[in-house]
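Here is the structure we will look at, set down as structure tokens.
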Amino acid sequence: MSATHPDPDTFRSEARSWLEQHGELRQSVSTDGPDPDWGTGSDNVAVFHNRTETEEASMLALAQDWQRKKFDAGYGMLSWPVELGGRGLPMSYVRIWNSEESRFVIPDAGELPPTSMGLIAPTVAAYGTAEQKQRWVKPIMRQDEYGCQLFSEPAAGSDLASVVTKAVKDGDEWVLNGQKVWTSGARFSQWGLAITRTDFDVPKHRGLTAFMVPLDAPGVEIRPIRQMSGGASFNEVFLSDVRLKDADHRLGGEGDGWRVALTCLGFERDHSGGGTPVGGSLKRVLAAARHFEVTGDPVIRQMLADLYAHEKVAQFTNRRAAASLKAGQTPGPEGSLSKLMWTANMRRVSDVVSLILGARLVADSGEWGTYAWGEHLLGAPGYRIAGGSDEVQRNIVGERVLQLPAEPRVDKDISFAEAQRLSRRA
Ligand SMILES: Cc1cc2nc3c(=O)[nH]c(=O)nc-3n(C[C@H](O)[C@H](O)[C@H](O)COP(=O)(O)OP(=O)(O)OC[C@H]3O[C@@H](n4cnc5c(N)ncnc54)[C@H](O)[C@@H]3O)c2cc1C
């Protein structure tokens, strides 16, 4: 215990009694023996939820309600600095809180709340002016407002530094024009953190500037994109002559957009793989294997063992990353490794459950715990692309861990305008 930090045991027991008073305890599910919950409750194993606009809004309302209660009781920003509304506690208290909270039902509202609180808020905290931090951090962390990532464009995804959404200065304002795509949660967000091009005459990474764009501003149009798994959590966002005040909306300096983007992507990598599980778990797969009495099948048995072993390796890697963070080290390539393991394990889950279920997976007979798996299979590939594709993560591991030669970057030292001219000619 330090002079300013509560005793960890006292903190834990206070957190526990607050949770018991305000939360709903989760039903425990055994990991050995038949799953007692088979056939009861929800059989949803979706990676991306297939919800209507109204269902999405009510899920978010539940998540907001929980977050606000938690926030107002002092558990919403445990490790954040006091001046930003946090309690300034070490990460060990966050871990205590998480372990206690995980025993309770936490409303799942999909990827928007974690994106907003885990990526946008800390990026604002890292680059915002004092006014901007006051304006955004607390409202986002209390889920009074949401922020999404306006990064990708039709011709700029993995190569994010090639964005062409243009921001042109006009007095004390900027005028934005362009198109963003794959924006998760844009329809329910108040703010979008946009990476724009403000200078075409310098190399591509140097001509970018970041803005917090109010998504209800004139000139912003949001169109949903339907996914193969059924839902429409992604969007296209069109910006047409959107006017923003320089002092209020520019995040970071002019030309600092790449640093802002990298910081945000760094938070994304750290979140991927170690956060709230999505889709079907090993436990669920095992329950299906037991229910259909195929645990004796040598191929399925082998695949289950393989999945178990790889999930353990992923857990240990995540723990190692958490331990190095705890020891004060900056996040390393573990983020990329964790993300790769996470997406590979989601694929393993898809493979083994496909064998277990066979035709039940594609023909909806109404049988509990069968056809629902389609939403895992069709959603899982999305995370091999989101937040940096598997191939891009491998490039990071290759260059930063294995010290392999870097990819050729022919446009590194020429202006973006010149690089565009050359690629048009090629
Ligand atoms: C679930 C999901 C959520 C998303 N949410 C958001 C969001 O909220 N905001 C946002 O801005 N974007 C979002 N995206 C977009 C995402 O960031 C991009 O899809 C991703 O960066 C890949 O870009 P791309 O789709 O343009 O593919 P491309 O970059 O065109 O890649 C096409 C293929 O080429 C491979 N490739 C590309 N470059 C290399 C290389 N250098 N070496 C080897 N292989 C390479 C890729 O791995 C991929 O297989 C989301 C995407 C998904 C799937």
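The values are calculated or read from the model by the stated rules, or taken from the named source; none is laboratory data. Predicted model, so just to flag it, every value in this text is computed and none were measured. We place every Cβ from the backbone using ideal geometry, glycine too, and count neighbours over all the protein chains shown.
The residue of the range 375-426 that is modelled with the lowest pLDDT, among those that are in contact with an Asp or Glu (Cβ under 7 Å, 6 or more places away or on another chain) and within 11 Å of the ligand (Cβ to nearest atom), is GLY387.
Checked against (1) within 16 Å of the ligand (Cβ to nearest atom); (2) within 30 Å of ARG409 (Cα to Cα), ALA126 passes all but condition (1). If the condition is being surrounded by 15 or more Cβ atoms within 10 Å (Cβ to Cβ) and in a loop (DSSP other than H, G, I, E, B), then the range 348-375 contributes GLY369, THR370. Filtered by the rule that a residue be surrounded by 15 or more Cβ atoms within 10 Å (Cβ to Cβ) and in a strand (DSSP E or B), the range 234-255 gives PHE234, ASN235, GLU236, VAL237, PHE238, LEU239, VAL242, LEU244, ARG250, LEU251. Scanning the range 101-159 for residues being more than 19 Å from LEU84 (Cβ to Cβ), of a type outside the set (D, E, K, R) and not in a helix (DSSP H, G or I) gives a total of 17.
Test ARG320 against the stated conditions and say whether it is touching a Pro at 6+ places or on another chain (Cβ under 8 Å) and surrounded by 12 or more Cβ atoms within 10 Å (Cβ to Cβ). It is false that ARG320 is touching a Pro at 6+ places or on another chain (Cβ under 8 Å) and surrounded by 12 or more Cβ atoms within 10 Å (Cβ to Cβ).
State whether one or more residues within the range 31-49 are of a type in the set (Phe, Trp, Tyr), surrounded by 13 or more Cβ atoms within 10 Å (Cβ to Cβ) and modelled with pLDDT of 95 or more. Looking for residues that are of a type in the set (Phe, Trp, Tyr), surrounded by 13 or more Cβ atoms within 10 Å (Cβ to Cβ) and modelled with pLDDT of 95 or more, one finds none in the range 31-49, hence no.
Taking LEU244 as the residue in question, decide whether it is touching a residue at least 24 places away in the same chain (Cβ under 8 Å), within 21 Å of TYR383 (Cα to Cα) and not assigned by TED's automatic domain parsing to the domain that holds ARG51.
no
Here is the figure for the range 406-426: residues that are surrounded by 15 or more Cβ atoms within 10 Å (Cβ to Cβ) and either in contact with a Gly (Cβ under 6 Å, 6 or more places away or on another chain) or within 23 Å of PRO333 (Cα to Cα) (or both) total 1.
Yes or no: the range 61-68 includes at least one residue that is in a loop (DSSP other than H, G, I, E, B) and either touching a strand residue (DSSP E or B) at 6+ places or on another chain (Cβ under 9 Å) or under 24 Å from GLU20 (Cα atoms) (or both). Scanning the range 61-68, I find no residue that is in a loop (DSSP other than H, G, I, E, B) and either touching a strand residue (DSSP E or B) at 6+ places or on another chain (Cβ under 9 Å) or under 24 Å from GLU20 (Cα atoms) (or both), so the answer is no. Selection over the range 385-405 of residues that are part of a helix (DSSP H, G or I) and either without any contact (Cβ under 8 Å) to a residue 40 or more places away in the chain or surrounded by 19 or more Cβ atoms within 10 Å (Cβ to Cβ) (or both) gives a count of 4.
Quick grid of which residues meet (1) away from the ligand (no atom under 16 Å from the Cβ); (2) crowded, with 17+ Cβ neighbours inside 10 Å:
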{"position": "PRO139", "(1), (2)": "yes, yes"}
{"position": "ASP144", "(1), (2)": "yes, no"}
{"position": "GLU153", "(1), (2)": "no, yes"}
{"position": "ASP159", "(1), (2)": "no, no"}
{"position": "VAL168", "(1), (2)": "yes, no"}
{"position": "LYS180", "(1), (2)": "no, yes"}
{"position": "GLY192", "(1), (2)": "no, yes"}
{"position": "ILE195", "(1), (2)": "no, yes"}
{"position": "THR198", "(1), (2)": "yes, yes"}
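Scanning the range 345-354 for residues that are without any contact (Cβ under 8 Å) to a residue 60 or more places away in the chain and in contact with a Lys or Arg (Cβ under 9 Å, 6 or more places away or on another chain) yields a total of 1.
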